[in-house]
Amino acid sequence: LIENKKLRACYSYFTPIPYENEFNILYLNALKDIDAEATVNYCFDLIAQNSKVDYNVPYLKIAEEILERANGNTSLLAKVKHDLFPFEPKFENYLFVVNHLENKAAITKFRNNTLARLRNLFYQNESNKILYLQILNSEDNTTKMLDVIKQTPMSYAVLKPYMDDLTTI
């Protein structure tokens with residue numbers, strides 16, 4: 001039905017099947033253009049049933065795409081980006097979550113967990129250091145930046161965007 005573009009006529013007869021991720025992802029990707037609201041609801045239902053967080057990523061991506069297109073519920077989109085962030089850490093998504101989550105305690109916890117996780121992953125690649133410094137720079141937290149730089153060797157390429165701010169202290 002999906003390949004022959006005939007799902008629109010009979011999509012109401014189908015629902016996602018728990019633990020059948022391959023089928024569910026295929027179905028939801030086809031359904032998102034037909035009934036976006038139902039697709040988002042299915043995504044959240046499947047996420048609630050998953051026992052392993054890694055299995056949520058495709059459903060979170062589908063929900064994120066739909067919610068971004070809808071330009072409506074920024075709070076819900078912030079929650080989706082929050083859950084997706086550990087798998088796809090991007091500075092823009094971090095800012096979106098911090099600016100749109102309604103629970104201040106959740107924002108503080110998200111910030112602290114993100115910085116701790118990035119700090120623990122400095123050894124993996126430079127992108128973790130870059131994101132860490134971007135977050136601190138967005139908060140104008142140059143003191144913490146200097147403390148981290150003193151403790152962790154960083155390349156000039158990572159530090160270059162912040163050299164003016166760091167040398168004026």
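Ranked highest first by average number of other Cβ atoms within 10 Å, how do 88-95, 4-11 line up? Before the final figure, lay out each step's value.
Numbers: 88-95: 14.9, 4-11: 11.4.
Output ranking for 88-95, 4-11: 88-95, 4-11.
Ignoring ligands, DNA and RNA, what percent of the accessible area of region 23-169 is carbon or sulfur (1.4 Å)?
Details: 4210 of 8220 Å².
C and S fraction of accessible area: 51 percent.
How would you classify region 103-160 from its alpha-carbon gyration tensor, with a ≥ b ≥ c the square roots of the eigenvalues: rounded for a/c under 1.5, else prolate if a/b is greater than b/c, otherwise oblate?
On the way: a/c = 2.19, a/b = 1.57, b/c = 1.39.
Since a/c reaches 1.5 and a/b is larger than b/c, the shape of region 103-160 is classed as prolate.
Compare the Cα positions of MET154, ASN128, THR108 along the charge dipole of region 31-169 (+1 at Cβ of Lys, Arg; -1 at Cβ of Asp, Glu; about the Cα centre) and return the one farthest towards the positive end.
Result: MET154.
Under a Cβ-Cβ cut-off of 15 Å, what is the net charge of the residues other than THR167 that fall near it, where Lys and Arg count +1 and Asp and Glu count -1? Before the final figure, lay out the partial values.
Numbers: positive: LYS150, LYS160; negative: ASP164, ASP165.
Net local charge, THR167 excluded: 0.
Return, ordered by residue number, the residues of region 142-156 whose backbone nitrogen is under 11 Å from a label point located 7 Å along Cα→Cβ of TYR123.
none
Rolling a 1.4 Å sphere over the protein heavy atoms, what is the accessible area per residue of region 53-169, to the nearest Å²? Kindly include the intermediate steps, with their values, before the conclusion.
Values: 6740 Å² over 117 residues.
Computed with neighbouring chains in place, this is 58 Å² per residue.
Kindly write out, for region 61-71 in residue order, the coupling ³J(HN,Hα) from the Karplus curve 6.51 cos²θ - 1.76 cosθ + 1.60 (θ = phi - 60°), rounded to whole Hz, with x marking Gly and Pro.
5, 5, 4, 4, 4, 5, 5, 5, 5, 6, 6
At a Förster radius of 30 Å, what calculated FRET efficiency corresponds to the Cβ-Cβ distance of LYS52 and THR108, to the nearest 0.05? Each step should come with its number before you reach the end.
Working: r = 27 Å, r/R0 = 0.90.
The computed FRET efficiency comes out at 0.65.
With the crude spin-label approximation of a point 7 Å out along Cα→Cβ, what separation in nm comes out for LEU95 versus ASN141?
1.7 nm
With Cβ to Cβ distances under 15 Å as the rule, what net charge do the other residues near ARG117 carry (K, R +1; D, E -1)? The partial results should precede the final answer.
Details: positive: LYS90, LYS109, ARG111, ARG119, LYS129; negative: ASP83, GLU88.
Around ARG117, the charge tally is +3.
Please arrange THR168, THR114, THR152, THR15 by accessible surface area, largest first, computed with a 1.4 Å probe and ligands excluded.
Numbers: THR168 115, THR114 0, THR152 25, THR15 75 Å².
Sorted descending by solvent-accessible area, the residues read THR168, THR15, THR152, THR114.
Using 0.36 nm times the number of residues separating ILE2 and PHE23, minus their current alpha carbon distance, what extension gain do you get?
On the way: separation 21, 0.36 × 21 = 7.56 nm, distance 1.13 nm.
Extra length from ILE2 to PHE23 when fully extended: 6.4 nm.
Can you pick out the pairs among LYS129/LYS160; LYS109/LYS160; LYS109/LYS144 whose Cα atoms lie more than 22 Å from each other?
Working: LYS129/LYS160 12 Å; LYS109/LYS160 29 Å; LYS109/LYS144 18 Å.
Over 22 Å apart, Cα to Cα: LYS109/LYS160.
The values are calculated or read from the model by the stated rules, or taken from the named source; none is laboratory data. In this text, all values refer to a predicted model and were calculated from it rather than measured experimentally. Counting neighbours? That spans all protein chains shown, and the Cβs are built from the backbone with ideal geometry, glycine included. Please note that ligands, DNA and RNA were not included when accessible areas were found on the heavy atoms of the full protein model with its side chains. Shrake-Rupley method; radii C 1.70, N 1.55, O 1.52, S 1.80 Å.
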